[in-house]
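The values are calculated or read from the model by the stated rules, or taken from the named source; none is laboratory data. As the structure is a prediction and not an experimental result, all values here were calculated from the model. Cβ coordinates were reconstructed from backbone atoms using ideal geometry, including for glycine residues, and neighbour counts include every protein chain displayed.
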């Protein structure tokens with residue numbers, strides 16, 4: 001299990017490495033996506049906010065809500081739902097003029113809930129995971145469609161698929177002149 005104390009030095013070093021890029025981009029994005037946990041076939045909603053440190057380096061926070069579903073577990077019905085909070089970083093690699101692929105890495109905190117109505121019992125499971133994966137997006141002017149596959153490695157290894165739209169907000173001047 002990853003402890004928060006171990007993440008603080010990693011985050012501090014990452015911020016120091018990116019400091020020179022912070023003032024060049026001045027772009028943020030808000031993302032909305034449908035997501036699916038491929039391990040237990042639960043569906044959810046992903047809402048995230050990203051800061052564009054440069055044209056290539058992007059980092060942000062993501063919140064995933066997996067809606068309750070009922071599954072048969074032996075003779076009992078079990079209602080499964082979850083919340084997932086991620087801190088992920090992307091590195092954008094252009095494939096074509098507007099087609100971009102990105103590997104991603106980060107950490108997540110998951111809170112699973114299993115409710116067994118027959119017993120009136122609720123079981124909670126909370127854990128941290130390491131995220132890896134990749135995504136693909138079509139760069140638009142303000143609205144950017146994307147798809148992403150994310151794997152989590154930790155107490156429970158899981159696979160997620162996302163498809164959504166990103167809305168980009170520019171709040172400063174770029175250092176590059178438009179041609």
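Is it the case, given these coordinates, that residue 55 is in contact (Cβ under 8 Å) with a residue 24 or more places away in the chain and loosely packed, with under 15 Cβ neighbours inside 10 Å? Don't jump to the end; show me each part of the working.
On the way: in contact (Cβ under 8 Å) with a residue 24 or more places away in the chain: yes; loosely packed, with under 15 Cβ neighbours inside 10 Å: no.
Judged against the criteria, residue 55 is not a match.
Just one of the numbered conditions (1) under 21 Å from residue 36 (Cα atoms); (2) without any contact (Cβ under 8 Å) to a residue 40 or more places away in the chain; (3) over 20 Å from the mean Cα position of the chain (by Cα) is not true of residue 61; which one?
Failing condition for residue 61: (3).
Which of the residues that make up segment 107-131 are surrounded by 15 or more Cβ atoms within 10 Å (Cβ to Cβ) and either closer than 22 Å to residue 154 by Cα or modelled with pLDDT of 95 or more (or both)? Working first, answer last.
At the first step, the residues of segment 107-131 found to be surrounded by 15 or more Cβ atoms within 10 Å (Cβ to Cβ) are 107-110, 112-115, 127-129, 131.
Answer for segment 107-131, where residues must be surrounded by 15 or more Cβ atoms within 10 Å (Cβ to Cβ) and either closer than 22 Å to residue 154 by Cα or modelled with pLDDT of 95 or more (or both): 107, 108, 109, 110, 112, 113, 114, 127, 128, 129, 131.
Do we find that residue 104 is surrounded by 18 or more Cβ atoms within 10 Å (Cβ to Cβ), within 16 Å of residue 163 (Cβ to Cβ) and modelled with pLDDT of 95 or more in this structure? Walk me through it before giving the result.
Values: surrounded by 18 or more Cβ atoms within 10 Å (Cβ to Cβ): yes; within 16 Å of residue 163 (Cβ to Cβ): yes; modelled with pLDDT of 95 or more: yes.
In short, yes.
If you check residue 135 against the conditions, is it buried (at least 18 other Cβ atoms within 10 Å of the Cβ) and touching a strand residue (DSSP E or B) at 6+ places or on another chain (Cβ under 9 Å)? Can you show your working first?
On the way: buried (at least 18 other Cβ atoms within 10 Å of the Cβ): yes; touching a strand residue (DSSP E or B) at 6+ places or on another chain (Cβ under 9 Å): yes.
Yes, satisfied.
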